[in-house]
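Visitor: Please read through the structure below; I'll follow up with questions.
The values are calculated or read from the model by the stated rules, or taken from the named source; none is laboratory data. Treat the numbers as computed from the prediction; the structure is a model and nothing was measured. In this analysis, Cβ positions are derived from the backbone assuming ideal geometry, glycine residues included, and neighbour counts consider all displayed protein chains. When the accessible area is computed, the model is the full protein with side chains, heavy atoms only, and any ligands, DNA or RNA have been set aside. Shrake-Rupley method; radii C 1.70, N 1.55, O 1.52, S 1.80 Å.
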Amino acid sequence: MRTAPAPAAVPVRVPFADTRAHDLAWSLERPPLPALAARSVLLGGTEVELRVLGASHQVVLPGAAGTVETVACLPDRDGDLPASAAPDVPGLASYAFTSTVERLTGAELERRVRALVDRLDGRPAALAAAFPGSPSAVTALDAASPAPGHLHWRTWHAYPQAGELVCTRTRIRTAADAPVERSPAQ
């Protein structure tokens, strides 16, 4: 898998489907959905695919029992983005998700988004997509592996029409680095 520097913000030609923070839902149960932009990278020995959807984002870990994190406007679910979640995920030793919503003025949001896109520009494990209609209509993802078997990623979803910036953070530990626990029956 070749990893090249990421461009600033990839322009996409369709308007984003979600319009406010409260429209977003979080799921680990969706298959990969059609992406407007995607980037695959190898981090800490784990393949990671960052995907921008018309309805927000997915992070796909094909080798980790097919784990797919989706944060998006989902047609069959009400918005229910949790402030935090730490479910048991098959194939992973641990998974922890957090989200926050910041309310900003138009100028503040524009400055934050511009600084974010500039900071991610050229990072091989980052992806930012700019939607038409506003320079602040951006979805961005940034992944890293601080140690073998450990991954984390952050995402940002900017909604200029609502003055909202949704920030998520996910930290996982792959099962490969976890000690094997056996029940007394084994």
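Visitor: Every residue in segment 128-160 that is modelled with pLDDT of 90 or more and polar (S, T, N, Q), please.
Guide: Scanning segment 128-160 gives SER136, THR139, SER145, THR155.
Visitor: Something else now. Assess whether SER145 counts as being touching a strand residue (DSSP E or B) at 6+ places or on another chain (Cβ under 6 Å), in a loop (DSSP other than H, G, I, E, B) and either buried (at least 24 other Cβ atoms within 10 Å of the Cβ) or of a type outside the set (Lys, Arg) (or both).
Guide: On the way: touching a strand residue (DSSP E or B) at 6+ places or on another chain (Cβ under 6 Å): yes; in a loop (DSSP other than H, G, I, E, B): no; either buried (at least 24 other Cβ atoms within 10 Å of the Cβ) or of a type outside the set (Lys, Arg) (or both): yes.
No.
Visitor: Still on this model: Report, ordered by the first and then the second residue, all pairs with beta carbons closer than 6 Å, sequence separation of six or more or different chains, a first member in segment 107-123 that is open to solvent by less than 70 Å² (accessible area, probe 1.4 Å), and a second member that is among the hydroxyl-bearing types (Ser, Thr, Tyr).
Guide: Cβ pairs passing all conditions: LEU109/SER136; VAL113/SER136.
Visitor: Which ranges mark the strands (runs of 3 or more DSSP E) fully within segment 32-102 that have 2 or more residues being in contact (Cβ under 8 Å) with a residue 24 or more places away in the chain, open to solvent by 50 Å² or more (accessible area, probe 1.4 Å) and closer than 25 Å to ALA162 by Cα?
Guide: none
Visitor: So which residues in segment 5-24 are surrounded by 15 or more Cβ atoms within 10 Å (Cβ to Cβ), modelled with pLDDT of 60 or more, farther than 12 Å from VAL117 by Cα and among the hydrophobic types (A, V, I, L, M, F, W, C)?
Guide: Scanning segment 5-24 gives VAL12, ALA21, LEU24.
Visitor: A further question on this structure: Are any residues in segment 150-162 open to solvent by 10 Å² or more (accessible area, probe 1.4 Å) and not charged (D, E, K, R), and if so, which ones?
Guide: Listed by number, the residues that qualify are HIS150, HIS152, TRP156, PRO160, GLN161, ALA162.
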